[in-house]
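Let me begin by presenting the structure, written as structure tokens, before commenting on it.
The values are calculated or read from the model by the stated rules, or taken from the named source; none is laboratory data. What you see is a predicted model; the values in this text were computed from it and never measured. Quick reminder, even Gly has a Cβ in these numbers, built from the backbone with ideal geometry, and neighbours come from all protein chains shown.
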Amino acid sequence: MKKIAVINDLSGFGKCSLTAAIPVLSVQGVQACPLPTAVLSNQTGYPDYCSVDFTENLPSFISQWKKLEPHFDGILTGFVSDIRQIKIIEDFCRDFKKDDTILMVDPVMADNGKVYPVYSPELCEEVKRLALMADIITPNLTEFCVLTDTDYDEIMLNAYKDSMNTVIFEKAKPLFENGIKTVIVTSVPVTEGYVTNCIVTPDGVENVSSRIFEGSFSGTGDLFASVVCGAVVKGESVYDAVCRAARFLEASLSATVCECTRPEDGICFEPFLKLL
């Protein structure tokens, strides 16, 4: 069975991070091996939350894993709760990433034109450095702007225009120079009434779109990255993997909106795991 090391937080409520990744990877026939960066009572989108940082525990966890001598077909990283964790994750990737291991970094740090309050400028710079180690990265449009030092308001001048693909392709070029093979930019406004995922490679841009649903729901990015990572590790092309993720999320979000679920509670994805 394929194995993916998932480095992310564990939130009791909010259906994100590890509680999103583990079922999605499992239903795809992939073993999820969680390495928790923090344990939260609920995700940070709620008015308040309790969090236990796991930075001090990570080295001992990783030391035990080394004794097991596992082979990971993929490594998927997400939310980082402490700047010190970046160095630990980088070392983890150097130790466990083999020639056939796919490293996917979801550079969780911003959305809707703004960096999350829990992410300092210094932490954002460290996330940018971690992203450069990846084979595939899955930033949303705001995170893509942070990674490429692009002004969000400037890039939004191209919203719903053909020029958006061209701008994203040009901005992504320096990322490829650093070794990244594929940049998947999510939540891109290319087509009216749809949200677009731009799959960017040195050869150009491919778009995979799905319907827009009102609201910004917890865990959307985690679900997307997990579907893509699991599918790619199983041998699917990135394009097919993104199509799979888009259809899964479209069905899940439709049901979530119909149930009037609060955005912070996350997506009602469980009934649609059968699509994967």
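Would a scan of segment 103-118 turn up a residue that is part of a helix (DSSP H, G or I) and either within 14 Å of the chain's Cα centre (by Cα) or aliphatic (A, V, I, L, M) (or both)?
Checked against the condition, which is being part of a helix (DSSP H, G or I) and either within 14 Å of the chain's Cα centre (by Cα) or aliphatic (A, V, I, L, M) (or both), segment 103-118 yields no hits at all.
Only one residue in Met133, Met156, Met164 is in contact with a Gly (Cβ under 8 Å, 6 or more places away or on another chain), in contact (Cβ under 8 Å) with a residue 24 or more places away in the chain, farther than 29 Å from Lys3 by Cα and aliphatic (A, V, I, L, M). Which one?
Met156 is the lone residue from the list that is in contact with a Gly (Cβ under 8 Å, 6 or more places away or on another chain), in contact (Cβ under 8 Å) with a residue 24 or more places away in the chain, farther than 29 Å from Lys3 by Cα and aliphatic (A, V, I, L, M).
Go through (1) surrounded by fewer than 19 Cβ atoms within 10 Å (Cβ to Cβ); (2) free of Cβ contacts under 8 Å to residues at least 40 places away in the same chain for Gly179 and report which single condition fails.
Condition not satisfied by Gly179: (2).
Given (1) of a type outside the set (D, E, K, R); (2) farther than 17 Å from Asn140 by Cβ; (3) out of contact with any helix residue (DSSP H, G or I) (no Cβ under 6 Å at 6 or more places or on another chain); (4) without any contact (Cβ under 8 Å) to a residue 40 or more places away in the chain, identify the lone condition not met by Val233.
Here Val233 clears every test but (4).
Tell me which of these Glu122 doesn't satisfy, since it passes every other one: (1) farther than 21 Å from Val233 by Cα; (2) touching a Pro at 6+ places or on another chain (Cβ under 8 Å).
Going through (1) farther than 21 Å from Val233 by Cα; (2) touching a Pro at 6+ places or on another chain (Cβ under 8 Å) one by one, Glu122 breaks only (2).
Just to verify a result, which residue in segment 7-25, among those that are in a strand (DSSP E or B) and among the hydrophobic types (A, V, I, L, M, F, W, C), is farthest from Val227 (Cα to Cα)?
So the residue we want is Leu10.
Which of (1) more than 17 Å from Asp162 (Cα to Cα); (2) within 15 Å of the chain's Cα centre (by Cα); (3) modelled with pLDDT of 95 or more; (4) hydrophobic (A, V, I, L, M, F, W, C) is the odd one out, the single condition Phe217 does not satisfy?
Among (1) more than 17 Å from Asp162 (Cα to Cα); (2) within 15 Å of the chain's Cα centre (by Cα); (3) modelled with pLDDT of 95 or more; (4) hydrophobic (A, V, I, L, M, F, W, C), the lone unmet condition for Phe217 is (3).
Have a look at Val195, Val190 and point out the one that is modelled with pLDDT under 95, of a type in the set (A, V, I, L, M) and within 15 Å of Thr138 (Cβ to Cβ).
Only one candidate qualifies: Val195.
Does Lys97 satisfy the condition of being of a type in the set (Lys, Arg) and touching a residue at least 12 places away in the same chain (Cβ under 8 Å)?
yes
With respect to Gly113, is the statement that it is under 24 Å from Gly12 (Cβ atoms) and among the small types (Gly, Ala, Ser) true?
no
Restricting the first residue to segment 195-213 and requiring it to be buried (at least 18 other Cβ atoms within 10 Å of the Cβ) and assigned to a strand (DSSP E or B), which pairs with a second residue that is of a type in the set (Gly, Ala, Ser) and modelled with pLDDT of 95 or more meet a Cβ separation below 7 Å and a spacing of at least six or different chains?
Hits for this filter: Asn197/Ala246; Val200/Ala172; Val208/Ala246; Ser210/Ala246.
Which residue out of Thr191, Thr201 is closer than 21 Å to Leu103 by Cβ and over 17 Å from the mean Cα position of the chain (by Cα)?
Answer to the check: Thr201.
Name the one entry in Val24, Val39 that is among the aliphatic types (A, V, I, L, M), within 21 Å of Gly219 (Cβ to Cβ), touching a residue at least 24 places away in the same chain (Cβ under 8 Å) and surrounded by fewer than 18 Cβ atoms within 10 Å (Cβ to Cβ).
Val39
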